[in-house]
Amino acid sequence: MKCRVCGEECAPFMSFGKMPLANGFLTENDIEKEYFYELSPVFCNNCKTFQIESQPEPEAMFHDEYAFFSRTSERMKEHFNKYSSWLKSTYLNQRTDPFIIEIGSNDGIFLENFAKEGIKHLGIEPSGNVAEEARKHGVNTVVEFFTESLSSEIKEKHGEADIICAANVMCHIPDLNEIGKNANILLKANGLLIFEDPYLGSMIEKTSYDQIYDEHVYIFSAIAVSKIFAAHGFELIDTIQLETHGGSMRYVLGRKGKWDINDRLIKTLQKEKELGLDSPKTYDLFRKSCEESKERLRKALQLEKINGRRVVGYGATSKSTTILNYCEIGSELIDYISDTTPIKQGKLTPGMHIPVKAYSEFCNEHPDTAILFAWNHRKEIMEKEKEFTSSGRKWLSPI
Ligand code: SAH
Ligand code: TYD
Ligand code: ZN
């Protein structure tokens, strides 16, 4: 394939096989027309970007029945609340009548912290159902993808922005050169582009290959981000390591030469070199680690079965779609998956068709073993499930 960022020729270093849409929860009637694509990660040795070879059309993933609501996690609410305080004190408070834009604002979990204080804001969110939820929380939202024409329209109607933010969505957007152009259209001369996403360094360290699925067309490193946006006149000025989504990184970019470079960024770049994030060898090792992880998980689940223990899944995450399909785990090994999101309940998981049930089911009939697919919310879940844990029941981690 041609690298989406720099156009250089590059090839996948492994394949996870045929994959359905990670959030494509479905009913029995939909099984026949279920969509599959080949999930193969690629490392571009020219611009150092980690990406997947083919991605389904955005409209197939983001629509009026989008299954991911950010508000399902209390900790993520806290995270976005703290993030907004940091942003206000670091970059916004000294500005008069600042304007903040968020790409992929979902149900308004982040922007509501600005809406409440009457700060000028706008969310850009193509999935109609989650955008509607955001509006209920007083968040101004346009239901559209973040395109060049929308950027010009917003500039005309609302003026230039002080900050463009994005959380867990930049990695969803295939054409990052368009994002660079849009940022140049929309941002003031002293404006900032700030985004956070699952971090390649964490994925390599933990072999958390479940971060790789259709929506995540990229898994970023600071090395890659600085190259991608340099082409559009932006300079990476800071990086902040985060615990969210199993290990994320926040990237702060300003126009070249306008800002001091934070020491944290220098340390991040050094660490990335040490980890070998810029070297194809690292990805060969990663492939082997994925294969080992698959074997380990399959054996652990087979042992539970042999010992007559009933296993259920905890959290029907997008990430679990990669694990279940790559490891070929279906309802012969996992009875059902419990999830608190109403739109997922009563449906089947993508590809492997394990039933998704309401959380009340898990509470009522406590299985022997729970496999924690929402492992990135471990702290929050362990606090909630003290009774399950103390009764001698078992947790399995897929990662
Ligand atoms: N920011 C939230 C939601 C992340 S999920 C959080 O961190 O929890 C990603 C969101 O981005 C989805 O709601 C999806 O509909 C939206 N999205 C996907 N592609 C987009 C694009 N090109 N422009 C704007 N939003 C997009
Ligand atoms: P998450 O890991 O945030 O994202 P992704 O889908 O991107 O991998 O998804 C968490 C899922 O787990 C979501 O469907 C809600 C569910 N969940 C529970 O069922 N119980 C909980 O206590 C929490 C925190 C999440
Ligand atoms: Zn490239």
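The values are calculated or read from the model by the stated rules, or taken from the named source; none is laboratory data. Because the structure is predicted, anything quoted here is derived from the model rather than measured. Methodologically, a virtual Cβ is constructed for each residue, glycine included, from the backbone with ideal geometry; neighbour enumeration extends over all protein chains shown. Each accessible area value is taken on the protein alone, full model and side chains, heavy atoms only, with ligands, DNA and RNA left out. Shrake-Rupley method; radii C 1.70, N 1.55, O 1.52, S 1.80 Å.
Let's see how each residue does on (1) charged (D, E, K, R); (2) touching a strand residue (DSSP E or B) at 6+ places or on another chain (Cβ under 6 Å); (3) touching a residue at least 12 places away in the same chain (Cβ under 8 Å); (4) within 16 Å of ligand 1 (Cβ to nearest atom):
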residue: ARG298; (1), (2), (3), (4): yes, no, yes, no
residue: LEU303; (1), (2), (3), (4): no, no, no, no
residue: GLY313; (1), (2), (3), (4): no, yes, yes, no
residue: SER338; (1), (2), (3), (4): no, yes, yes, no
residue: LYS357; (1), (2), (3), (4): yes, yes, yes, no
residue: HIS366; (1), (2), (3), (4): no, no, yes, no
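List every residue pair whose Cβ atoms sit under 6 Å apart, with the two residues 6 or more apart in sequence or on different chains, where the first one lies in region 3-17 and is within 16 Å of ligand 2 (Cβ to nearest atom) and the second, anywhere, is in a loop (DSSP other than H, G, I, E, B) and open to solvent by less than 30 Å² (accessible area, probe 1.4 Å). Partner pairs satisfying both residue conditions: PHE16/LEU39. Taking region 1-32 as the region of interest, how many residues are away from ligand 1 (no atom under 16 Å from the Cβ) and either surrounded by fewer than 15 Cβ atoms within 10 Å (Cβ to Cβ) or of a type in the set (D, E, K, R) (or both)? Here the count works out to 14. Checked against (1) free of Cβ contacts under 8 Å to residues at least 60 places away in the same chain; (2) in contact with a helix residue (DSSP H, G or I) (Cβ under 6 Å, 6 or more places away or on another chain), ASN23 passes all but condition (1).
Starting from residues that are among the basic types (Lys, Arg) and open to solvent by less than 40 Å² (accessible area, probe 1.4 Å), keep the ones in region 315-359 and report whichever is nearest to ligand 3 (Cβ to nearest atom). Before the answer, list the steps.
Of all residues in region 315-359, those among the basic types (Lys, Arg) come to 319, 344, 347, 357.
Add one more test, that the residue is open to solvent by less than 40 Å² (accessible area, probe 1.4 Å), and what stays is 319, 344.
Details: LYS319: 25, LYS344: 35 Å.
The qualifying residue nearest to ligand 3 (Cβ to nearest atom) is LYS319.
The residues of region 191-250 that are out of contact with any helix residue (DSSP H, G or I) (no Cβ under 7 Å at 6 or more places or on another chain), within 16 Å of ligand 2 (Cβ to nearest atom), open to solvent by less than 10 Å² (accessible area, probe 1.4 Å) and farther than 19 Å from GLU274 by Cα amount to a single one, GLU196. Among the helices (runs of 4 or more DSSP H) confined to region 33-138, the ones with at least 1 residues that are open to solvent by 50 Å² or more (accessible area, probe 1.4 Å) and among the basic types (Lys, Arg) are located at 74-87, 128-136.
Residue by residue, here is whether (1) modelled with pLDDT of 95 or more; (2) more than 16 Å from ligand 2 (Cβ to nearest atom) holds:
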site	(1), (2)
GLU28	yes, yes
PHE36	yes, yes
SER54	no, yes
LYS88	yes, yes
ASN129	yes, no
